[in-house]
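The values are calculated or read from the model by the stated rules, or taken from the named source; none is laboratory data. Fair warning: this is a prediction, and the values are worked out from it, not measured in the lab. Every residue, glycine as well, gets a Cβ built from its backbone with ideal geometry; the counts of neighbours run over all protein chains shown. Quick note on the areas: whole protein, heavy atoms, side chains included, nothing else; ligands and nucleic acids left out. Shrake-Rupley method; radii C 1.70, N 1.55, O 1.52, S 1.80 Å.
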Amino acid sequence: MEDREYMALALSLAERGVGWASPNPMVGAVVVKDGRIIGQGWHEKCGQPHAERNALAACTQDPGGATLYVTLEPCCHQGRQPPCTQAILEAGIRRVVVGSGDPNPLVAGKGIAQLRAQGVEVTQHVLEEDCDRLNQVFFHYIRTRRPYVVMKYAMTLDGKIAARTGDSQWVTGEAARNHVQQLRHRYTGILVGVGTVLADDPLLTCRIPGGRSPVRILCDTRLRTPLTARVVATARQFPTLLATCCPDPDRRAAYEDAGCRVLVLPEREGHVDLNALMDELGRREIDSVLLEGGGSLNWSALEQGVVQKVLAYIAPKLAGGRDAKTPVEGLGIDRMARAILLNNSTITQIGTDFLIESEVGPCVHGDC
């Protein structure tokens with residue numbers, strides 16, 4: 001096996017940390033000696049040992065003189081865990097092969113420099129693009145201190161998210177709906193508006209056995225969420241944040257008594273300022289958010305520039321209806337030249353439906 005093959009194995013190990021490693025990155029590591037794999041590991045959960053230490057601890061023989069393959073530059077600082085460079089040096093590793101550099105200012109090349117200063121050979125940029133893609137969330141969060149926001153919706157081929165009566169069960173098939181549950185496990189938070197709560201009374205949890213449910217975040221400018229709503233009734237079981245502009249402490253107290261954490265935020269054009277919300281979520285170490293809002297909240301999020309990725313599940317069916325709801329509503333653009341540009345799109349068939357994944361362009365309205 002060559003460097004790329006060992007790194008591919010490390011990447012597959014890193015993916016096992018999905019949903020559990022955040023707000024840390026997903027990292028995998030493989031130890032190779034005399035052409036044989038003698039140890040492997042990944043960062044299993046935030047607060048637990050990093051991938052390098054897990055791989056070294058799993059070694060079936062002395063790792064002295066071995067090569068360590070790791071998807072992300074080893075840390076060299078004391079955080080929740082001691083520095084991995086220290087463990088690498090103590091183990092006598094001869095060579096380290098790295099996929100991505102770590103943008104964390106506490107690392108950012110210092111880990112590699114420290115290893116080289118101690119005589120360890122370091123090879124960089126192996127499967128770097130794949131390693132970078134794995135940690136899009138971490139890279140965005142560590143650079144901006146804001147969550148990576150993924151806007152997700154399901155629609156028919158003619159662009160409807162519900163029938164003209166409002167019925168929306170179900171737009172897509174079971175396979176696509178199961179895929180959404182994987183997203184709820186993957187991302188740290190899930191965001192909806194009060195309109196979705198009033199219309200659907202969703203629970204917003206992950207229904208995968210053994211999966212991790214996201215922190216539930218509700219945008220409710222005027223506190224219209226019923227105290228009987230399932231998200232409020234289960235707030236002591238699943239962390240729930242209620243973002244509002246309501247200044248009345250007495251009205252907020254009822255939600256706090258139910259177990260919700262109420263965030264009082266600035267108002268923007270009659271609604272919660274989503275940029276202020278993102279700043280607050282970042283301070284709470286919520287590194288990623290799955291936006292499952294209705295058309296109004298989706299437009300606000302796009303218009304305010306807080307969305308990084310769009311996931312559109314498209315069902316091969318037609319609903320019709322001039323007043324049937326669409327995934328993005330609001331005021332909308334005034335000229336097609338100002339349409340929000342999406343880049344790097346991919347299409348995947350999931351069951352009978354299709355998933356289009358796109359990144360939101362850096363120029364929000366396409367005219368910069």
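If you go through the stretch 255-296 and pick out every residue that is of a type outside the set (K, R), modelled with pLDDT of 95 or more, open to solvent by 10 Å² or more (accessible area, probe 1.4 Å) and assigned to a helix (DSSP H, G or I), you end up with 7.
Evaluating L198 against the criteria (1) within 27 Å of G270 (Cα to Cα); (2) surrounded by fewer than 22 Cβ atoms within 10 Å (Cβ to Cβ); (3) within 18 Å of the chain's Cα centre (by Cα) leaves one unmet condition, (3). Here are some residues: C75, C84. Which one is crowded, with 24+ Cβ neighbours inside 10 Å, at pLDDT below 95 and touching an Asp or Glu at 6+ places or on another chain (Cβ under 6 Å)? Only one candidate passes the filter, namely C84. Against the criterion of being over 25 Å from S300 (Cα atoms), touching a Phe, Trp or Tyr at 6+ places or on another chain (Cβ under 9 Å) and either assigned to a loop (DSSP other than H, G, I, E, B) or open to solvent by less than 50 Å² (accessible area, probe 1.4 Å) (or both), L223 does not qualify. Tell me, yes or no, whether the stretch 319-334 has at least one residue that is at pLDDT 95 or above, of a type in the set (S, T, N, Q), at negative phi and assigned to a loop (DSSP other than H, G, I, E, B). Within the stretch 319-334 (the criterion being at pLDDT 95 or above, of a type in the set (S, T, N, Q), at negative phi and assigned to a loop (DSSP other than H, G, I, E, B)), the answer is no, since none of the residues qualifies.
Check T244, T156, T240 and return the single one that is of a type in the set (S, T, Y), modelled with pLDDT of 95 or more, farther than 28 Å from G282 by Cβ and open to solvent by less than 20 Å² (accessible area, probe 1.4 Å). From the options T244, T156, T240, the qualifying one is T156.
Among residues of the stretch 28-38 being open to solvent by less than 10 Å² (accessible area, probe 1.4 Å) and in contact with a Ser or Thr (Cβ under 7 Å, 6 or more places away or on another chain), the one that is farthest from P83 (Cα to Cα) is I38. Of all residues in the stretch 92-113, exactly one satisfies the criterion of being in contact with a Cys (Cβ under 8 Å, 6 or more places away or on another chain), open to solvent by less than 70 Å² (accessible area, probe 1.4 Å) and assigned to a helix (DSSP H, G or I), namely G111. Answer yes or no: is there a residue in the stretch 54-72 that is under 29 Å from P209 (Cβ atoms), open to solvent by 10 Å² or more (accessible area, probe 1.4 Å) and among the aliphatic types (A, V, I, L, M). Scanning the stretch 54-72, I find at least one residue that is under 29 Å from P209 (Cβ atoms), open to solvent by 10 Å² or more (accessible area, probe 1.4 Å) and among the aliphatic types (A, V, I, L, M), so the answer is yes.
Determine, yes or no, whether K45 is under 21 Å from D132 (Cα atoms), open to solvent by 30 Å² or more (accessible area, probe 1.4 Å), without any contact (Cβ under 8 Å) to a residue 40 or more places away in the chain and touching a Cys at 6+ places or on another chain (Cβ under 9 Å). Taking the combined requirement at face value, the residue does not satisfy it. Of the residues making up the stretch 173-187, those that are open to solvent by 50 Å² or more (accessible area, probe 1.4 Å) and more than 14 Å from S22 (Cα to Cα) are E174, R177, N178, Q182. Of all residues in the stretch 330-344, one or more are buried (at least 18 other Cβ atoms within 10 Å of the Cβ) and over 30 Å from Q237 (Cβ atoms).
Within the stretch 335-354, being part of a strand (DSSP E or B) and closer than 20 Å to L157 by Cβ holds for L342, S345, T346, I347, T348, Q349, I350, D353, F354. Among the residues of the stretch 154-175, the ones that are of a type outside the set (A, V, I, L, M), closer than 11 Å to K317 by Cβ and within 24 Å of the chain's Cα centre (by Cα) come to 2 in all. All told, E357 meets the bar of being free of Cβ contacts under 8 Å to residues at least 60 places away in the same chain, in a strand (DSSP E or B) and either under 26 Å from A199 (Cβ atoms) or open to solvent by 50 Å² or more (accessible area, probe 1.4 Å) (or both).
Just checking, how many residues over the stretch 207-219 are part of a loop (DSSP other than H, G, I, E, B) and without any contact (Cβ under 8 Å) to a residue 40 or more places away in the chain?
5
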